[in-house]
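Okay, so here's the structure we're looking at.
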Amino acid sequence: MFSRAVRPTVSLVRGLATSSQNKAKVAVLGASGGIGQPLSLLLKNSPLVSHLSLYDIAHTPGVAADLSHIETRAKVTGHIGPDQLDAALQGCDVVVIPAGVPRKPGMTRDDLFNTNASIVATLTDACARTCPEALICIISNPVNSTIPITSEIMKKHGVYNPNKVFGVTTLDIVRANTFVAELKGLDPARVNVPVIGGHAGKTIIPLISQCTPKVEFPADQLSALTERIQEAGTEVVKAKAGAGSATLSMAYAGARFTFSVLDAMNGKEGVVECSFVRSEETECKYFSTPILLGKNGIEKNLGLGKLSAFEEKLVADAIGELKASIKKGEDFVANLK
């Protein structure tokens, strides 16, 4: 039998340390989906959250009723359909957006663009009108394009703050930590591999040279490990054989990132997560790097750090694709009627 209070894993404990002072209202937009439901469960289990506001176009009242029976302090409200979107967002401190369609076998994240771009634009528009000061955490793929979409929509409303818009790339770090730990016989909760760049294919750049604890691999093994991290999402899509993409691991990663954001808002110092954000670190307008989080979002971009020759080539190879994905997102908003 489980003990009465389920103990969070080591990685999620980071997000629970300063919970007693917090009164955060967190919205999950897309709360009824494959990522949204387990993500909402993890958030409900956290004392960092005082009000969990769930929104989707279907099934949200049932998900909210189900979660509301859990013996933790977060109040849960369910909101369904466009008419209730503004109510879901009213007074929110953090908004997490996993809404959208999942990948199927043979699809790239970019194939999701047309559907998910419209969804993210609509939801971001509501955030800009209703909770312009909230921290916005985008999970919806393709993140390399949906973050530029979010930023451009916020700009249209005159409320854009680059320190408050995050592309959640945490799953890449979680995977890198796990795969390195497996190869080296380490505890994955003690491994930390920064992952920079973007959140699709070759734009995912794990910095094995900066791993804590320090690890080394022969060139062929390093290349295979890097490719596995880059294609790990496709690994899950194939394994699910048409039944969806990564949902449980993405929910875990989304919760970890949200807890870090809430911890930093509470005044905890030294909270660092990688995230795809507005950046001056490379020639790309947006780039994922380790970010020091603070009370108002990004406190400092910690940059790329010292790269190996192998990693420098990975960055150079990713720039063209990243620029194209960013432009695609910006053009989408520019062409909105």
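The values are calculated or read from the model by the stated rules, or taken from the named source; none is laboratory data. What you see is a predicted model; the values in this text were computed from it and never measured. Virtual Cβ from ideal backbone geometry, glycine too; neighbours counted across all protein chains shown. When the accessible area is computed, the model is the full protein with side chains, heavy atoms only, and any ligands, DNA or RNA have been set aside. Shrake-Rupley method; radii C 1.70, N 1.55, O 1.52, S 1.80 Å.
Of the residues that make up the range 127-143, is at least one part of a helix (DSSP H, G or I), in contact with a Ser or Thr (Cβ under 8 Å, 6 or more places away or on another chain), open to solvent by 10 Å² or more (accessible area, probe 1.4 Å) and not aromatic (F, W, Y)?
No, that holds for no residue.
What residue, of S53, S46, is in contact (Cβ under 8 Å) with a residue 40 or more places away in the chain, buried (at least 16 other Cβ atoms within 10 Å of the Cβ) and polar (S, T, N, Q)?
Result of the check over S53, S46: S46.
Do you know which residues across the range 231-256 are assigned to a helix (DSSP H, G or I), touching a Leu at 6+ places or on another chain (Cβ under 9 Å) and either modelled with pLDDT under 95 or surrounded by 22 or more Cβ atoms within 10 Å (Cβ to Cβ) (or both)?
Result: G233, M250, A251, A253, G254, A255, R256.
Being of a type outside the set (A, V, I, L, M) and in contact (Cβ under 8 Å) with a residue 24 or more places away in the chain is the requirement here; does N192 meet it?
For N192, the condition - of a type outside the set (A, V, I, L, M) and in contact (Cβ under 8 Å) with a residue 24 or more places away in the chain - is not met.
Open to solvent by less than 20 Å² (accessible area, probe 1.4 Å), at pLDDT 95 or above and in a loop (DSSP other than H, G, I, E, B) - does that describe any residue in the range 97-107?
yes
Among what's in the range 180-200 and is under 16 Å from the mean Cα position of the chain (by Cα) and not in a loop (DSSP other than H, G, I, E, B), pick the residue that is surrounded by the fewest Cβ atoms within 10 Å (Cβ to Cβ).
Filtering first and then ranking leaves V195.
Can you list residue pairs whose Cβ atoms sit under 9 Å apart, with the first residue in the range 142-165 being without any contact (Cβ under 8 Å) to a residue 24 or more places away in the chain and the second being of a type in the set (D, E)? Count only pairs 6 or more apart in sequence or on different chains.
Final answer for the pair search is Y160/E152.
Only one residue in A87, A64 is open to solvent by less than 30 Å² (accessible area, probe 1.4 Å), over 26 Å from K268 (Cα atoms), of a type in the set (G, A, S) and outside any strand (DSSP E or B), so which one is that?
A64
Condition first: hydroxyl-bearing (S, T, Y), within 23 Å of E227 (Cβ to Cβ) and in contact with a strand residue (DSSP E or B) (Cβ under 6 Å, 6 or more places away or on another chain). Now tell me which residues in the range 276-310 satisfy that.
Answer for the range 276-310, where residues must be hydroxyl-bearing (S, T, Y), within 23 Å of E227 (Cβ to Cβ) and in contact with a strand residue (DSSP E or B) (Cβ under 6 Å, 6 or more places away or on another chain): S288, T289.
Quick one: how many residues across the range 280-301 are surrounded by 13 or more Cβ atoms within 10 Å (Cβ to Cβ), in a loop (DSSP other than H, G, I, E, B) and either on the phi > 0 side of the Ramachandran plot or out of contact with any Ser or Thr (no Cβ under 6 Å at 6 or more places or on another chain) (or both)?
4
Could you look through the range 20-31, keep only residues that are among the polar types (S, T, N, Q) and open to solvent by 20 Å² or more (accessible area, probe 1.4 Å), and pick out the one that is modelled with the lowest pLDDT?
Among residues in the range 20-31 that are among the polar types (S, T, N, Q) and open to solvent by 20 Å² or more (accessible area, probe 1.4 Å), the one modelled with the lowest pLDDT is S20.
Please go through the range 108-120 and pick out each residue that is open to solvent by 10 Å² or more (accessible area, probe 1.4 Å) and among the aliphatic types (A, V, I, L, M).
Correct list: I119 only.
From the residues in the range 302-324 that are more than 29 Å from M265 (Cβ to Cβ) and in contact with a Pro (Cβ under 9 Å, 6 or more places away or on another chain), which one is least open to solvent (accessible area, probe 1.4 Å)?
Looking at the filtered set, the residue picked out is E311.
The conditions are (1) touching a Phe, Trp or Tyr at 6+ places or on another chain (Cβ under 7 Å); (2) not in a helix (DSSP H, G or I), and M154 fails exactly one of them. Which is it?
Failed condition: (2).
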